[in-house]
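Visitor: I'd like to ask some things about the structure below.
Bear in mind that the values in this text are calculations on the coordinates, not laboratory data. Since we're looking at a predicted model, the values are computed, not measured. Positions of Cβ are backbone-derived with ideal geometry, glycine not excepted, and every protein chain shown enters the neighbour counts.
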Amino acid sequence: MKRIPNIISSLRILGAIFLLLFLPESVAFWVIYGLCGISDILDGYLARKLHAESKTGAMLDSVADICFVACCAIRLIPVLRIPTWLWIWAVIIVAIKIVNQVSALIVRKRLCFPHTKANKLTGLLLFLSVPTVFWSTVPLAFVAGVASFAAVQEGHLIRTEIPASASAGMRS
């Protein structure tokens, strides 16, 4: 039972890879997209419910998130018309996240992905807003604002003091 959250995270990685096989205009793409999003919520919920939180599970969840975002980006970027200013903002957020991980390696001697409420909110908003990008970039601009706060907060936590649950790298 305690392995179920990690199995779900692993299935999200597999689902993300399957996204690469389908065009964003297809029903299959959006069904897999939805299942991956639901699995992201489900693995953390079950980890807490089953008392199965672990450093490995938290890292696996973060890797699954990165795979999901990367595979979505690979499929969606070629078909989306996103303004240059929003691309620049996204690159700045990614740069902050990279600096955060370099800082974690220097300060903590390991990678660190705090599962803060701001990071969780960013993930949820991004998941919900991606399908709307075909009609408007306003939701993505809002997500970029929340993601900016989350990235700065993450860096602050990494370089100062990380709460016990985030320090242990556990899903919360």
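Visitor: Among 105-117, 10-22, 71-83, 53-65, how do they line up from the highest to the lowest mean number of other beta-carbon atoms within 10 Å? Let's see the in-between values first.
Guide: Details: 105-117: 15.4, 10-22: 17.2, 71-83: 13.8, 53-65: 19.5.
Highest to lowest by the protection proxy: 53-65, 10-22, 105-117, 71-83.
Visitor: On a full-extension model of 0.36 nm per residue, what is the gain between residue 149 and residue 101, subtracting their alpha-carbon distance, rounded to one decimal in nm? Please report the intermediate quantities before stating the final value.
Guide: Working: separation 48, 0.36 × 48 = 17.28 nm, distance 1.61 nm.
Full extension of this stretch gives 15.7 nm more.
Visitor: Using the beta-carbon distance between residue 111 and residue 18 and R0 = 22 Å, what value does 1/(1 + (r/R0)^6) give for FRET efficiency, to the nearest 0.05?
Guide: On the way: r = 26 Å, r/R0 = 1.18.
Efficiency at R0 = 22 Å is approximately 0.25.
Visitor: So what's the net charge close to residue 32: Lys and Arg +1, Asp and Glu -1, counting the other residues with Cβ under 15 Å from its Cβ? Write out the running numbers ahead of the final one.
Guide: Numbers: positive: 12, 75; negative: 25, 40.
Computed value for this residue: 0.
Visitor: Mind listing P(r) for the chain? All alpha-carbon pairs, 10 Å bins, whole percents.
Guide: 10, 36, 37, 15, 1
Visitor: Same structure, new question: Once the Cβ-Cβ distance between residue 49 and residue 87 is put in as r, and R0 is 35 Å, what FRET efficiency do you end up with, to the nearest 0.05? Walk me through the numbers before you get to the answer.
Guide: Details: r = 39 Å, r/R0 = 1.11.
The value I calculate is 0.35.
Visitor: Note the count of lysine pairs whose C-alpha atoms are less than 26 angstrom apart in the chain, limited to pairs 8 or more residues apart or on different chains.
Guide: Lysine pairs satisfying the spacing and distance rule in the chain number 15.
Visitor: Which is farthest toward the positive dipole end of the chain among 113, 27, 126, measuring Cα position about the Cα centre, with Cβ charges +1 (Lys, Arg) and -1 (Asp, Glu)?
Guide: 113
Visitor: Please give the charge dipole size of region 1-147, origin at the Cα centre, charges +1 on K and R Cβ atoms and -1 on D and E Cβ atoms. Round to the nearest 20 debye.
Guide: Details: 14 positive and 6 negative charges, 108 e Å.
Roughly 520 debye, rounded to the nearest 20.
Visitor: On to the next question. Calculate the spin-label point distance for residue 31 paired with residue 141, positioning each point 7 Å from the Cα along the beta-carbon direction, and give it in nanometres.
Guide: Placing both labels 7 Å along Cα→Cβ, they lie 3.6 nm apart.
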